[in-house]
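Each reported figure results from applying straightforward, stated rules to the coordinates on display, with no laboratory input. Please read all numbers here as calculations on a predicted model, not as lab measurements. Here the Cβ positions follow ideal geometry from the backbone for every residue, glycine too, while neighbour counts run over all protein chains shown.
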């Protein structure tokens, strides 16, 4: 698991960075090794928002109401950086497609 502190996302979705090290297992060599990740996303598109609210969902038991909401903010982005085992950089170019996304959701159950 990647620690939350290794991923930084600006509140405005202008930029994000991921700087971390993960241990992976190679089935071919039957060995594990560290992979170093240093990636940056830069927002390029317009910020968009999508709000979804649901109540009385199909399958709700009689007499119980679930209220659900989800607020999504997103934008297209360009991603670049390195993913390396210390010798080989496995990322050769910037991304063809990337996005930055923030999702806030909740649920309320009413008896």
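Got the relative contact order for the chain handy, in percent, Cα pairs under 8 Å and 6 or more residues apart? Could you put the intermediate results ahead of the total?
Numbers: 235 pairs, mean separation 27.1, N = 111.
RCO, the chain: 24 percent.
Return the whole-Å distance between the Cα centroid of the range 61-111 and the Cα centroid of the range 1-59.
7 Å
Under Stokes-Einstein, with the Kirkwood radius over Cα pairs standing in for Rh, what whole-number D in µm²/s applies to the range 1-62 at 10 °C and 1.306 mPa s?
On the way: Rh = 15.9 Å.
For these conditions, the coefficient is 100 µm²/s.
Please work out the FRET efficiency for the pair residue 31 and residue 7, using the Cβ-Cβ distance as r and a Förster radius of 25 Å; give the result to the nearest 0.05.
Taking R0 as 25 Å, the efficiency between residue 31 and residue 7 is 0.35.
Using C-alpha positions alone, give me the convex hull volume of the chain per residue in cubic angstrom.
Details: hull volume 19.8 nm³, N = 111.
Convex hull of Cα atoms, per residue: 178 Å³.
Could you tell me what % of all Cα pairs in the range 48-101 have separations over 15 Å? Please list the in-between numbers first.
On the way: 972 of 1431 pairs.
Percentage above 15 Å: 68.
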